[in-house]
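The values are calculated or read from the model by the stated rules, or taken from the named source; none is laboratory data. Predicted model, so just to flag it, every value in this text is computed and none were measured. Glycine also receives a Cβ, built like all others from the backbone with ideal geometry; neighbour counts cover every protein chain displayed. Ligands, DNA and RNA are stripped out before the accessible areas are found, and what is left, the full protein with its side chains, is counted by its heavy atoms. Shrake-Rupley method; radii C 1.70, N 1.55, O 1.52, S 1.80 Å.
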Amino acid sequence: AVAVGRHPVRSPVPSATRAQAQRAHPFLVWNEGFCGFEVPSGTHDVDGVLALPEGAGLRIGPDTTLRFEEGGALVARGPLELRGTAEQPVVLEGRLAPDGSSGRWQGLVALETSRPHLFERVIVRNTSGIAMSGWRLTGGITVRAATARFLHVRIVGTTAEDALNLIRSRFTLDDLEVLDTRSDALDCDFASGVIAGGRFAGIGGDAIDVSGAEVSVDGTESSNVRDKALSVGERSRLVARAVAIDSVGTGVASKDGSVALVEDSRITRVTHAALMAYTKKAEYGGAELEVRGVAMEKIGRPSLAQLGSRIVSDGVVQPAEDVDVDQL
C-alpha cells in the first residue's frame, strides 16, 4: 500500500552539522567544554550563511571582525557569547565595497536555546533582514524564545524593518545604541525586559515599539525619530522614567488595550502630539497613558486621546475626542 498524504514540510531555516560548519567556515574552532565554536581574533570573511548545529554555541572575543558577503547571515540554535572591549569590540558587518565602505548582509538570527545569549561591546553594521527561500524575518538582529543581554551594543545603518527584534524572549538592554535605521529601531513582540540608558537616533520609524510585552525603560534618549519615540501596543505594559525625547513625530503613543506610565522625563520638538492614546485594532479596546513630571517644549499639541481611551497628565484627565484612526 502507498501512504497517501502531504509531503513532509522541510524547514526553510538553514542548518549544518559540526563538520559541515567547519568545512564551510575554516576559522571555526570547536571547544568541547563550551559545547560550541570559538573564533580566533582577527578579521574573517564569511561565505554564504554561517549556520550552527542545533545546541552548538558560538564564542567571539575582542578584536574580532566577521565580514559577511551580500546575502550572508549568522543563524544560531545555541548560545551566542560575543564579548569585545571598548577598545577592541566584536564587529559584524558586510564585506567591504570597492569604495571601501561596508557592504550589506542579511543579519543575525538567534533561535530558541536554553542557555542565554550575551552581546557585550559589539558593533553590528548594515543589515538588511533575512530573505531566504521560504524564510523571511523583519529583523536585522532577531532573538526568538531565548534570554538575552545586550551590553554596550551599537547597531548602525540597517535597512531591515526592525534593527533589533526580540520575540517571546526575556531581555536586558544596557546602553544599546541604534543609529541611522530605515524603519524601527527596537521591536519587542510578546517579550519582557529592561531597557537601561542607550540612544536611538536617526530612526525612520519608531524608536521603541512593543506589542504584547512588559517593558521597563530608564534613561534612554531618542532623537530625530520620524514616527513615535515610544509605541506601546496590543495590551502591553510599559513604565518609562527619565527618558529624553527630542525631534520626533509623536512622543509616546499607547494603543489597543495597553497601559503606559512615563515619569520625570522630557519631550521636545514634536511634529504631531506629545502624547497619544487610541484604538487601532478594535478587538483590543481602548488604551491608557499616564504621565507625571514630564516637561514639554515646542510640541505640536500636548495630547490626543480618542474616545474610549484615556490620557492623565499629573493627575488631570485630558479631554478625549472622536479620532479617525485611519486618517491619523
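Distant-in-sequence amide contacts of Ile130, defined by a placed amide H-H separation under 5 Å and a gap of 5 or more residues or a different chain, comprise Leu137, Gly139. 3J(HN,Hα) couplings calculated from phi for segment 243-249 with the Karplus curve 6.51 cos²θ - 1.76 cosθ + 1.60 (θ = phi - 60°) are, in sequence order, 9, 10, 10, 9, 6, 9, x Hz; Gly and Pro show x.
Relative to one another, the C-alpha centroids of segment 210-232 and segment 87-108 are positioned 27 Å apart. Counting lysine pairs in the chain whose alpha carbons fall under 17 angstrom apart, excluding pairs fewer than 8 residues apart on the same chain, gives 5.
The base-10 log of I(q)/I(0) for segment 53-178, evaluated at q = 0.17, 0.21 Å⁻¹, reads -0.82, -1.30 [Debye formula, identical scatterers on Cα atoms, solvent excluded].
Under the simplified labelling scheme, the Glu321-Ser216 pair shows an inter-label distance of 3.7 nm, with each label point 7 Å from Cα along Cα→Cβ. Hydrodynamic radius of segment 74-134 by the Kirkwood approach over all distinct alpha-carbon pairs: 13.1 Å. Spin-label pair Gln22-Tyr284: with each label point 7 Å from Cα along the Cα-Cβ axis, the two points sit 4.8 nm from one another.
Computed from backbone phi, the HN-Hα couplings of segment 207-224 come to 6, 10, 10, 10, 9, x, 10, 10, 9, 10, 10, 9, x, 7, 10, 10, 8, 6 Hz, rounded to whole numbers (Karplus: 6.51 cos²θ - 1.76 cosθ + 1.60, θ = phi - 60°; Gly and Pro given as x). Close amide H pairs (under 5 Å, H built 1.01 Å from N) link Arg104 with no residue at least 5 positions away or on another chain. The loop-placed GluC sites (Glu not before Pro) in segment 20-64, going by DSSP, that have at most 15 neighbouring Cβ atoms within 10 Å of their Cβ come out as Glu32, Glu54. A simple packing score, the average count of other Cβ atoms within 10 Å per residue, orders the peptides 181-190, 217-226, 291-300 as 181-190, 217-226, 291-300, with the highest score first. The HN-Hα couplings worked out from phi for segment 148-157 by the Karplus form 6.51 cos²θ - 1.76 cosθ + 1.60 (θ = phi - 60°) are 9, 10, 10, 10, 6, 9, 10, 10, 10, x Hz, whole numbers, x standing for Gly and Pro.
Leaving out ligands, DNA and RNA, and with a 1.4 Å probe, what % of the accessible surface on segment 185-328 is carbon or sulfur? Reported share for carbon and sulfur atoms: 44 percent. At the residue level, Lys280 shows approximately 130 square angstrom of accessible surface with a 1.4 angstrom probe and all protein chains present. Rolling a 1.4 angstrom probe over the protein heavy atoms with all chains in place gives the chain an accessible area of 45 Å² per residue. Scaling against 2.2 N^0.38 Å puts the C-alpha radius of gyration of the chain at 1.08. Residues whose amide H comes within less than 5 Å of that of Val323, counting only those at least five positions distant or on another chain, are Leu307 (H built at 1.01 Å from N in the peptide plane). Average projection, convex hull of the Cα set of segment 197-312: 5.8 square nanometres. For segment 132-231, the Kirkwood radius over C-alpha pairs fed into Stokes-Einstein at 10 °C and 1.306 mPa s yields D = 122 µm² per second.
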